[in-house]
Every structure is written in structure tokens, then in C-alpha cells.
Amino acid sequence: MAKLPKVYLYTDGCSLGNPGPGGIGIILRYKDKEKEISRAHPHTTNNRMELEAVITGLEALKTTCEVEVFTDSQYVAKALNEGWLEKWQKNNWKNSAKKPVKNQDLWQRLLPLLEKHQITFHWIKGHNQHPENERCDFLAKQAAEKIKRRKRTRFFFSFTLPKTFTSFIDQVAF
């Protein structure tokens, strides 16, 4: 079996108010190449943006990869590392309190990505001098602030870096 490309995915999500305008920040790293992604949503929650950041990062991969995901979201990390997601599915998308699972649409969007890639999730403490986490936090907040100023109501907005930063996209991993 061929060895899969190994990608490091750093993510963060934010909401200015909860709910409120939100953003995601992502760093994808493959060998010595990096890609940054940020997006915003006009009205969302912090947990939705944390989960959206992971999904968007995984969706950016063009081929099956071994992925190390780093998130400061205990919601995301515990759902995947402590078996919450499997329990929710077995319980017809009900949580331990027998209430509907929040963000079911996003969790269901994540499921095929979990099947496609070999993924390990790591929880890292946010706002703790972790360089990639700090950068993702900046990207997410910047995107949320831009959409807050625009006062749009229904669409995602993407912000991309100059081509010099993203020229490696056509390589195997992204």
C-alpha cells in the first residue's frame, strides 16, 4: 500500500457574539508548503465556525491524505476523540439528554471526509502562544470583522491570498 501524503491542518473558528458574525481560519501544511484559508458567515455560532473550519480544511484536500488536525475546540475534539459522534449517530442524532444534536448538518457533512482520510485530532489550548493557532485565530477574526462591517445577511465570503502564496495548490495534497 502506498504511503499517503501527510498534511497538517490547523483550524480556528470564531463568532463576534454568540450568535453573531463569524469566521474561520485555516492553515494547511504539506511538506514545506502552506495554504491559508479564511471565510466568514454573517450570523452563526462559535461551535459552528469551529466545525466549519475543520470541514473546509478537509474539503480543500484533492486526494486522500493522512491528516493531523489541530483545533482549540473541545467541542470538536471531544466529539471525535471521545466517541460522541458515533453515539449521536447510533441514537438517531440525539445527545445524552435525548435532545437533537446541534449542528447536525455540519456533522453529517464531516462524515464522508472522516471516511476518505486517515485523521488524527489534537486539542490544543487556545490563546496560548501556539503560532499556528494564533494565526488561525487572526484569520478567523479578520474575516468575521470584514463581514460585520459589510452587514451582509445571507452569504459566505472567501478571502484568498496572492498567487505567490498558493502556487503549490496543484500539488498532490491540495
Highest-fluctuation residue, Asp137, Asp105, Asp12 considered, GNM on the chain with Cα pairs under 10 Å: Asp105
Gaussian network model of the chain, Cα within-10 Å springs - most flexible of Lys62, Lys33, Lys90: Lys90
For the chain: span of alpha carbons on each principal axis (Å, largest first): 50, 49, 31
Student exercise, the range 6-167 dipole from Lys, Arg, Asp, Glu Cβ charges, in Debye to nearest 20: 720
Over 29 Å between alpha carbons, listed pairs Lys31/Lys87; Lys6/Lys99; Lys33/Lys87; Lys98/Lys141; Lys31/Lys94; Lys125/Lys146: Lys31/Lys87; Lys6/Lys99; Lys33/Lys87; Lys98/Lys141; Lys31/Lys94
Gained length - Leu111 relative to Glu134, 0.36 nm times residue gap less alpha-carbon distance: 5.6 nm
Calculated FRET efficiency for the pair Asn91/Glu68, C-beta based, R₀ 30 Å, to 0.05: 0.55
Percent antiparallel among DSSP beta bridges (both partners in the chain, rounded to 5): 65
The range 1-94, relative contact order in percent, only Cα pairs under 8 angstrom and at least six apart counted: 31
GNM top mover of Gln142, Gln129, Gln104 - the chain, alpha-carbon springs below 10 Å: Gln129
Residues His127 and Lys102, FRET efficiency given R0 of 25 Å [Cβ-Cβ distance, rounded to 0.05]: 0.60
Karplus-derived HN-Hα couplings along the range 50-65 (A = 6.51, B = -1.76, C = 1.60, θ = phi - 60°), whole Hz, x at Gly and Pro: 4, 6, 4, 4, 4, 4, 4, x, 5, 5, 6, 6, 8, 9, 4, 9
Neighbour-count ranking [beta-carbon atoms within 10 angstrom, fewest first] of Glu50, Glu66, Glu86, Glu36: Glu86, Glu66, Glu36, Glu50
Local electrostatic count, Glu134, Cβ distance below 14 Å [Lys/Arg +1, Asp/Glu -1]: -2
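Here, each number is a calculation from the coordinates, and none is a lab measurement. This is a predicted model, so every value here is computed, not measured. Cβ: placed from backbone, ideal geometry, glycine included. Neighbour counts: every protein chain shown.
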